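The values are calculated or read from the model by the stated rules, or taken from the named source; none is laboratory data. Quantities reported herein were computed from a predicted structural model and do not represent experimental measurements. No Cβ is skipped: glycine too gets one built from the backbone with ideal geometry, and neighbour counts run over all protein chains shown.
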Amino acid sequence: MKSISFKDSKKFRMLLALLLAMVMLPFGCLGESSATATVGIESLFDNDEYYPWLYSDDEEEGAVSDEVLALMNLLFLHEYNSSIALWCRQEAEKLPEDSASRKEYENFAVILQSPLPGRPTEEESKAFSEQYLSNISSQLQEDAVNYYRRCVATEPSITADLFEIAEQIGTEMFGVEFRLKSAGETSGGVCRIADKITEYYDTAAAAGAPITYREAAEMVTDIIRYTQLGTPDTLVYNYLYTKTLLEAKGYKFIKVKNTWQTYTVKTPYRGVNVKVQSPYDGIIFELQFHTAESLVVKMAEHVTYEVVRDPRTPVEEKAKLQKESYEFYDRLTEPEAIELVR
């Protein structure tokens with residue numbers, strides 16, 4: 001996938017930015033940039049080496065406004081996603097018709113060229129919460145149920161903040177319909193949240209540092225989870241800008257995992273996964289930053305991941321699958337300045 005890169009299209013981007021500026025000039029969208037634009041760009045990078053097509057300076061005559069910056073960012077994201085959708089179709093054709101990975105590629109080819117769900121309305125948010133509260137597993141103890149209810153009550157505020165920031169930056173949230181992990185019975189009759197709580201509870205006891213069931217429940221930090229999309233050229237910009245704006249709202253980034261920098265042959269996954277503490281009841285949630293490339297490969301390779309982690313899989317087969325998965329991930333286009341994510 002190295003061929004799918006926009007490093008060679010910056011002249012086009014700058015030309016597009018100029019054309020947008022010329023179009024918007026009569027409407028007063030150019031001129032003095034807001035303080036937010038300066039905080040979001042100049043203070044995040046030492047110079048304009050990164051994203052020169054987004055660079056803005058209050059002292060420069062004709063500096064680009066926040067609104068135009070966001071519009072350009074969104075246009076480039078859609079341009080990039082369309083190219084990945086085409087690549088998905090090409091990859092799907094190489095796989096057997098009954099392949100689970102093929103279905104993932106075909107599904108993403110459609111999703112990436114379709115409008116993503118926007119910010120949920122108040123009515124949609126209420127219905128979403130009621131749906132997830134209506135089927136809580138009997139496997140969960142009262143303390144866990146109470147914690148889950150706190151998460152569900154907090155989710156609408158976090159969702160609203162993240163959509164507001166995404167709109168300000170000019171990017172999109174992916175998979176928002178899955179922003180809550182279900183605490184209900186699955187088809188197999190097992191509640192994954194209950195399993196995870198039990199795992200934390202038993203691990204702590206085995207280590208000689210027992211915790212309460214409530215503490216174990218609060219260690220499940222991905223009950224609320226989100227994915228923000230970017231391109232290889234904008235992912236780091238999006239991450240730094242999002243972090244700045246969330247912290248201004250009282251959020252805290254408590255753990256940042258940048259596997260673009262730490263991947264291995266055994267764990268080839270590439271992405272940015274962040275644990276964020278919200279100002280609402282202190283609830284912690286997961287926020288991932290992906291390009292369409294890394295997101296598609298993550299989902300398509302999940303089938304391989306499940307086989308590798310299955311204890312029944314022979315060691316030789318695991319090694320073969322891990323090598324193939326690593327080689328596939330290694331074809332991804334690495335985001336510009338990814339070392340700044342830490």
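Brief remarks on what is shown
- Restricting region 89-107 to residues that are touching a Leu at 6+ places or on another chain (Cβ under 8 Å) and touching a residue at least 12 places away in the same chain (Cβ under 8 Å) leaves a set whose member that is surrounded by the most Cβ atoms within 10 Å (Cβ to Cβ) is Y105.
- Selection status of A319, under 18 Å from T227 (Cα atoms) and among the small types (G, A, S): no
- Extreme residue, surrounded by the fewest Cβ atoms within 10 Å (Cβ to Cβ), among residues of region 194-228 that are of a type in the set (D, E, K, R) and farther than 27 Å from G271 by Cβ: D202
- Residue match in region 60-69 (condition: more than 27 Å from I111 (Cβ to Cβ), at pLDDT 85 or above, buried (at least 20 other Cβ atoms within 10 Å of the Cβ) and not basic (K, R)): yes
- In region 272-292, the residues that are under 26 Å from N81 (Cα atoms), buried (at least 20 other Cβ atoms within 10 Å of the Cβ) and free of Cβ contacts under 8 Å to residues at least 60 places away in the same chain: V274
- Helices (runs of 4 or more DSSP H) within region 242-342 that include 1 or more residues of a type in the set (F, W, Y): 259-262, 302-309, 315-329
- Single residue of region 284-338 satisfying the filter (polar (S, T, N, Q) and at pLDDT below 85) that is nearest to Y241 (Cα to Cα): S325
- Of the residues making up region 134-159, those that are surrounded by 14 or more Cβ atoms within 10 Å (Cβ to Cβ) and closer than 17 Å to E177 by Cα are C151, V152, A153, T154, E155, P156, S157, I158, T159.
- Restricting E185, E199, E167 to residues that are under 17 Å from P120 (Cβ atoms) and among the acidic types (D, E) narrows the list to E167.
- With respect to the conditions (1) surrounded by 16 or more Cβ atoms within 10 Å (Cβ to Cβ); (2) in contact with a Ser or Thr (Cβ under 8 Å, 6 or more places away or on another chain), Q113 falls short on a single one, namely (1).
Residue by residue, here is whether (1) within 23 Å of G282 (Cβ to Cβ); (2) more than 22 Å from the chain's Cα centre (by Cα); (3) modelled with pLDDT of 95 or more holds:
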residue: K103; (1), (2), (3): no, no, no
residue: Q113; (1), (2), (3): no, no, no
residue: A127; (1), (2), (3): no, yes, yes
residue: S138; (1), (2), (3): no, yes, no
residue: R149; (1), (2), (3): yes, yes, yes
residue: P156; (1), (2), (3): yes, no, yes
residue: T171; (1), (2), (3): no, no, yes
residue: S182; (1), (2), (3): yes, no, no
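- Selection of region 119-133 for residues being surrounded by fewer than 16 Cβ atoms within 10 Å (Cβ to Cβ) and either touching a residue at least 40 places away in the same chain (Cβ under 8 Å) or not in a loop (DSSP other than H, G, I, E, B) (or both) yields R119, E122, E123, E124, K126, A127, E130, Q131.
- Going through (1) out of contact with any strand residue (DSSP E or B) (no Cβ under 6 Å at 6 or more places or on another chain); (2) more than 28 Å from W87 (Cα to Cα) one by one, W260 falls short only on (2).
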